[in-house]
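Participant: The structure follows.
The values are calculated or read from the model by the stated rules, or taken from the named source; none is laboratory data. On a predicted model such as this, the values are computed, not experimentally measured, just so you know. Cβ placement follows ideal geometry from the backbone for every residue including glycine, while neighbour counts extend to all protein chains displayed. Quick note on the areas: whole protein, heavy atoms, side chains included, nothing else; ligands and nucleic acids left out. Shrake-Rupley method; radii C 1.70, N 1.55, O 1.52, S 1.80 Å.
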Amino acid sequence: MKEIPIPYQIKRMNKIALFLSLLLACIFSKEKVRAQNYLEKKINLEITNQSTEATMFILEKLGGFNFSYDALHLDPSKMVTIKGKQESLEKILDELFQDRFTYKVIGSHIILRAKNKNAINNSVWILSGIITDTEGNPLENAIVYEVNRQASFITNLDGRYMIQLEGNQLGINFSCKGYQDTVSYVSAQNNRKLDIVLKPWQAQTIFKDAALFTKGINSKSKALDWAYTYKELQDIGVVNLIISDKALYVSNNLNVQEVRFAQISLLPSIGTNKLANGLTTNKLSLNVIAGYSANITGLEIGSVANIIRKEMNGLQIAGAVNVVGEDVKGVQIAGAVNTNLGDMDGVQVAGAINRVKGDIKGLQVAGAVNLAAAKQLDSLQYKGWNGQVSGGVNLHGGERINLQVSSAYNQANSVDGIQVSGGINYVRGTTNGLQMSALYNHTEKLRGIQFGFINHADTIEYGFPIGFVNIIKNGYHKWDLSINETFYFNAAYKTGGKNLYSFLKIGAGKYLNAAYGVGYTTNPDRKFSVNLDLSGSALFNTDSDYDTFAGDLYRAQLGLNFKLNKHLILSTGPSFNFCSPDKKQDEVSNTSLSDRESIFYGNYYLDKAVSSRNNQYWFGWQLGLRF
């Protein structure tokens, strides 16, 4: 590349190609827009006897970035040959420059830093100046960033900056939100004052429109609204408490990719990475109290809090709180709270609360509350097994979940597996499997089994509810009025699915009874149908000589049904009855029994069972109308 005098301004090659590639990626990509790590990008390159300058230009065009370097350390006319291969950019650069440079990504720039510098001057000096736009207006909150020592300065209202530097031949990055950043090389001898003009980033408004357009298409109406749904990392209380405003601003607005093996922090601003914590990706992070990183690709341990601006891939352990600004892939363990503002793929364990802004693929385990809001755009296509287990409440706003177990309340859009609660289960869509609770189950569509005190569903496609009360909005609903060999009058209400149902029944005669049962019917819409009812009931005496409770009565009843019209069915058929009297009731001298030859001969067997306190069984009949 052509040499330029100090300060060595960065050259922007292939602007049109870069802009178009970024625009297409923003509009058509299904992945989240995030800063690229150009050094990891695979490039297929074959060069034969080309200059270093020409080779660098080709790489810029292929990769969509710009090189920035001190021209004193590079011979652009040197001829090079690279055999055809597909390698990461970092490996290609090592071969091109014969391992003489290290590389650092800042924004769309790859900065080349010489590994061996002769006669380094470690003197401390001040660089100052004004940062303006192309019309001469000062830029407030522009960031001045020294590449090697990671020192930074934020401009004031009049765009002025003053930064303390150490050494000679330094690369300085100047950036401001909405403007193209630039890199200049300065020296203590020639540059004590440097004014910078930043050009507007023309693609900004286009990208904003594209993002809004994408958001409108992918909005998910069934996602959960909660306190963190609309928050960003800097809006979370523990983040503002622990991290300074300057560190947050720099990390959120300066696109630097720095990878280090390890870091140690007492607090985010006191550690080996200093204010650059939020700009650095660490493989090992140890936080004595709390720490702040750009990414983790390994292990992070903190006695109080771990805060990650982007992604966590690996294992994260905190005594109190873990906070991640984007996705998690791995294991999170916190004594109190895990908060993720992206998707979670792995295992999340918290003593109190797990909350995920996106969706989950894996397992959440919490002492009190698990929440996955599914508010991320890409979480609409987030597939894989997922589950939530908590001591209190589970809430899932994603497309479906496989497992929910809680002591109080579960809520999901759809369940494809098992949902178990000590209190309430609520599914807004389809339950495909088992829904079990101590109190109440609700689902819009049931494809499986509901087991609870009260079960409610709009529609049963297949399966059945088992409960004291089963309410199916678009299911089987019948009133049944009948007489039989024991009771002069019976009234029952039957409700359930297409074939299986449950019912409540009362009977009145010489004795009273209150029954609960389940039944099965063939197609009730046909002219002829058959049903079978199984019930158990409590039997009560009307004779004051006996205790009120007389015992239990169990009945299996076959119904042969004839449809009289659209709403009325005539039913008759045999039954089998078994009476287990209350063995603890007091014995009485009255031993008269009902007439065995009467059509209500069942009372004979009930009298015999109650007076003798011995079990009795008999065959019976029933006749009734169902509507």
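Participant: Checking the condition within 41 Å of the chain's Cα centre (by Cα) and among the small types (G, A, S), which residue from G509, G448 passes?
Facilitator: G448
Participant: When the residues of the stretch 276-290 are narrowed to those that are over 17 Å from V105 (Cα atoms) and part of a strand (DSSP E or B), which ends up most open to solvent (accessible area, probe 1.4 Å)?
Facilitator: K283
Participant: Turning to a different aspect of this structure: Could you list, in sequence order, the residues of the stretch 299-315 that are crowded, with 18+ Cβ neighbours inside 10 Å and of a type outside the set (S, T, N, Q)?
Facilitator: E300, G302, V304, A305, I307, I308, R309, K310, E311, M312, G314
Participant: Answer yes if at least one residue in the stretch 525-541 is among the polar types (S, T, N, Q) and open to solvent by 30 Å² or more (accessible area, probe 1.4 Å), and no otherwise.
Facilitator: no
Participant: Just to be sure I understand the filter: pairs with C-beta atoms under 8 Å, separated by 6 or more residues or on different chains, first member in the stretch 99-116 and modelled with pLDDT of 75 or more, second member among the basic types (K, R) and open to solvent by 10 Å² or more (accessible area, probe 1.4 Å). Which pairs pass?
Facilitator: Matching pairs, first to second residue: D99/K115; R100/K115; F101/R113; F101/K115; T102/R113; T102/K115; Y103/R113.
To keep it simple, each residue is scored yes or no on (1) closer than 16 Å to K510 by Cα; (2) among the charged types (D, E, K, R); (3) open to solvent by less than 80 Å² (accessible area, probe 1.4 Å).
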residue: L560; (1), (2), (3): no, no, no
residue: F578; (1), (2), (3): no, no, yes
residue: L593; (1), (2), (3): yes, no, yes
residue: Y604; (1), (2), (3): yes, no, yes
residue: D607; (1), (2), (3): yes, yes, yes
residue: W621; (1), (2), (3): no, no, yes
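Participant: How many residues does the stretch 443-472 hold that are out of contact with any Asp or Glu (no Cβ under 9 Å at 6 or more places or on another chain) and of a type outside the set (F, W, Y)?
Facilitator: Count: 16.
Participant: Please work out which residue is nearest to N287 (Cα to Cα), limiting yourself to the stretch 319-333 and to residues that are open to solvent by less than 10 Å² (accessible area, probe 1.4 Å) and at pLDDT below 95.
Facilitator: The selected residue is N322.
Participant: Suppose we filter the stretch 40-55 for residues that are open to solvent by 70 Å² or more (accessible area, probe 1.4 Å), within 10 Å of G84 (Cα to Cα) and not charged (D, E, K, R); how many remain?
Facilitator: Matching residues across the stretch 40-55 total 2.
Participant: Does the stretch 565-576 contain at least one residue that is out of contact with any His (no Cβ under 8 Å at 6 or more places or on another chain), farther than 19 Å from L512 by Cα and either part of a helix (DSSP H, G or I) or free of Cβ contacts under 8 Å to residues at least 40 places away in the same chain (or both)?
Facilitator: Yes, that holds for at least one residue.
Participant: Answer yes or no as to whether T486 is over 30 Å from A368 (Cα atoms) and either at pLDDT 95 or above or buried (at least 22 other Cβ atoms within 10 Å of the Cβ) (or both).
Facilitator: Here the answer is yes, as T486 does meet what is asked.
Participant: Can you name the condition, by its number, that S29 falls short on among (1) modelled with pLDDT under 70; (2) under 25 Å from L170 (Cβ atoms); (3) surrounded by fewer than 17 Cβ atoms within 10 Å (Cβ to Cβ); (4) not hydrophobic (A, V, I, L, M, F, W, C)?
Facilitator: (2)
So that you can scan it fast, the table gives a plain yes or no per residue for (1) modelled with pLDDT under 80; (2) open to solvent by less than 70 Å² (accessible area, probe 1.4 Å); (3) out of contact with any Cys (no Cβ under 9 Å at 6 or more places or on another chain); (4) under 19 Å from T182 (Cα atoms):
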{"position": "D70", "(1), (2), (3), (4)": "yes, yes, yes, yes"}
{"position": "L74", "(1), (2), (3), (4)": "yes, yes, yes, no"}
{"position": "V80", "(1), (2), (3), (4)": "no, yes, yes, no"}
{"position": "G84", "(1), (2), (3), (4)": "yes, yes, yes, no"}
{"position": "S88", "(1), (2), (3), (4)": "no, yes, yes, no"}
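Participant: Next up: Since N49 meets every condition but one in (1) modelled with pLDDT under 80; (2) on the phi > 0 side of the Ramachandran plot; (3) not small (G, A, S), which condition does it not meet?
Facilitator: (1)
Participant: Next question, about the same structure. Kindly evaluate G536 against the criterion of being among the small types (G, A, S), in contact with a Phe, Trp or Tyr (Cβ under 9 Å, 6 or more places away or on another chain) and assigned to a strand (DSSP E or B).
Facilitator: yes
Yes or no, residue by residue, for (1) over 21 Å from L500 (Cα atoms); (2) surrounded by 21 or more Cβ atoms within 10 Å (Cβ to Cβ):
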| site | (1), (2) |
| --- | --- |
| Q364 | yes, yes |
| G384 | yes, no |
| Q388 | yes, yes |
| H396 | yes, yes |
| G422 | yes, no |
| Q435 | no, yes |
| E461 | no, no |
| I466 | no, no |
| N470 | no, yes |
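Participant: Looking only at residues in the stretch 406-441 that are among the aromatic types (F, W, Y) and touching a His at 6+ places or on another chain (Cβ under 9 Å), which one is farthest from A372 (Cα to Cα)?
Facilitator: The residue in question is Y440.
Participant: Given (1) surrounded by 12 or more Cβ atoms within 10 Å (Cβ to Cβ); (2) at pLDDT 70 or above, identify the lone condition not met by D245.
Facilitator: Tallying (1) surrounded by 12 or more Cβ atoms within 10 Å (Cβ to Cβ); (2) at pLDDT 70 or above, D245 fails exactly one: (1).
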